[in-house]
Amino acid sequence: MKLTRAHNHTLPSGVLGLAMTPDASRAYCACADGVIYEFFTVDGRMEPFEGGHAPSYASGAVLLPDGATLITSGYDGRLVWHDTATRRQRMTRQAHDFWSWQLAVSRDGSRIASVTGQYLAAGWKYEPDVEVEPSVRVLNTQTGKDVATFSHVPPVQCCAFSPDGRYLAAGNLLGEVRVWDLEAGTGSAPISKWSSSDFTSWGTTKSHHYSGGIFALAFSPDGSTLLGCGMGPTGDPMAGNGKTVWQRWDWRKGERRDQIKDGQHGTGLMEALDWHPDGKHFIMAGRLAQGTWNTGIFAEDGGLVTAIDCQMRTTHARFTADGRMLVLAGCNGQKPRQNGIWPAWGRLQVYCVET
């Protein structure tokens with residue numbers, strides 16, 4: 001696969017959540033200034049939504065299949081339903097007492113999941129304390145009412161639905177993954193769970209706590225495996241220079257199938273995953289600390305096919321429905337104020353994909 005950049009757009013602040021139409025003509029960006037923007041990817045026009053998450057961060061965005069409803073989340077713990085035609089707020093729900101780290105939507109649009117959790121030290125080793133609220137919440141997208149809640153070890157940073165919408169996976173800071181059968185209901189035990197030390201470490205330089213973690217999950221298109229990415233062990237949690245990692249598991253057994261190959265990785269935090277519609281390739285992207293690339297496309301067998309440095313921290317990567325375009329969203333370093341105004345530091349890049 002070959003990537004050719006077609007557009008490099010600027011937004012007022014960093015993009016933390018991304019949803020888009022199947023053809024990527026419009027992108028919905030949840031940003032660090034708390035504002036939700038409708039962004040027209042061809043000409044760079046953007047329009048703010050009414051009722052975002054300011055003064056908190058807006059951290060997630062999902063678009064329901066009919067295109068009429070956008071649901072966003074924020075560090076205020078709220079979920080907000082928006083009408084995409086009017087950009088007005090329809091409904092709100094206080095889903096968490098702490099931040100919503102990430103949103104996911106089932107393929108049929110009937111359910112959304114939001115994950116939360118604050119890192120509070122439980123002992124002298126600074127191991128995370130038990131949750132003070134359910135770390136995983138699943139809601140009905142039409143009513144906003146709970147479908148189920150589940151327990152995990154906070155902070156839980158990512159989640160993903162299986163293609164059939166029956167199963168939900170969630171990963172945390174310690175490299176722990178749990179998968180639940182939603183038909184079993186609230187409080188049920190996970191049907192599988194496992195831990196990978198390749199995604200976390202105990203930092204002893206500058207700050208003593210766990211770092212790294214799993215930041216994105218994605219089921220394979222056929223639902224047989226689960227892909228995860230994040231950052232591997234580092235002795236200095238403040239440096240963010242752990243090994244860039246992806247692994248793929250047989251999620252029913254909790255067994256690793258494969259992982260990034262030696263010599264292909266750099267260092268930094270990987271935050272974005274998506275499968276190409278052909279089901280034979282996937283993309284991983286994030287923030288580069290050291291190395292030559294922060295956006296890589298891999299074949300189903302794990303081999304690196306294409307790699308670029310897109311010169312920004314990438315928080316989300318999405319292929320269009322036909323696989324011919326790729327959208328990357330993120331930020332490019334927040335600069336100091338100029339005459340009392342923050343310079344624009346959000347980024348949205350559009351690439352043509354040649355197979």
Could you please find all residues in the range 283-304 being outside any loop (DSSP other than H, G, I, E, B) and either under 14 Å from the mean Cα position of the chain (by Cα) or under 24 Å from P22 (Cα atoms) (or both)?
I283, M284, A285, G286, R287, T295, G296, I297, F298, A299
Of the residues in the range 264-286, how many are closer than 24 Å to G60 by Cβ and modelled with pLDDT of 95 or more?
13
Quick check: anything in the range 236-256 outside any strand (DSSP E or B) and crowded, with 22+ Cβ neighbours inside 10 Å?
yes
Give the residue that is surrounded by the fewest Cβ atoms within 10 Å (Cβ to Cβ), with candidates limited to residues of the range 150-164 that are under 18 Å from the mean Cα position of the chain (by Cα) and closer than 18 Å to S106 by Cα.
P163
Output the residue which, of all residues in the range 111-140 that are crowded, with 21+ Cβ neighbours inside 10 Å and assigned to a loop (DSSP other than H, G, I, E, B), is nearest to the chain's Cα centre (by Cα).
T116
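Can you say whether H96 is outside any strand (DSSP E or B) and surrounded by 19 or more Cβ atoms within 10 Å (Cβ to Cβ), as far as the supplied structure shows?
In short, yes.
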Hey, any hits in the range 323-343 for a residue that's under 24 Å from E38 (Cβ atoms), modelled with pLDDT of 95 or more, more than 18 Å from the chain's Cα centre (by Cα) and assigned to a strand (DSSP E or B)?
yes
Scanning for something over 28 Å from G291 (Cα atoms), in contact with a Phe, Trp or Tyr (Cβ under 9 Å, 6 or more places away or on another chain) and β-branched (V, I, T), does the range 184-197 turn up at least one residue?
yes
Checking V177 against (1) of a type in the set (V, I, T); (2) in contact with a Ser or Thr (Cβ under 7 Å, 6 or more places away or on another chain); (3) in a strand (DSSP E or B), which single condition isn't satisfied?
(2)
Consider V147 carefully, then state whether it is surrounded by 14 or more Cβ atoms within 10 Å (Cβ to Cβ) and part of a strand (DSSP E or B).
yes
Taking the residues in the range 98-150 that are among the β-branched types (V, I, T) and in contact with a helix residue (DSSP H, G or I) (Cβ under 9 Å, 6 or more places away or on another chain) as candidates, determine which candidate is nearest to Y75 (Cα to Cα).
V138
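Does D278 qualify as being touching a residue at least 60 places away in the same chain (Cβ under 8 Å) and of a type in the set (D, E)?
Criteria met by D278.
The values are calculated or read from the model by the stated rules, or taken from the named source; none is laboratory data. Just so it is clear, the structure is predicted and the values come from calculations on it, not from any experiment. Here Cβ is always computed from backbone atoms with ideal geometry, including for glycine, and neighbour counts include all displayed protein chains.
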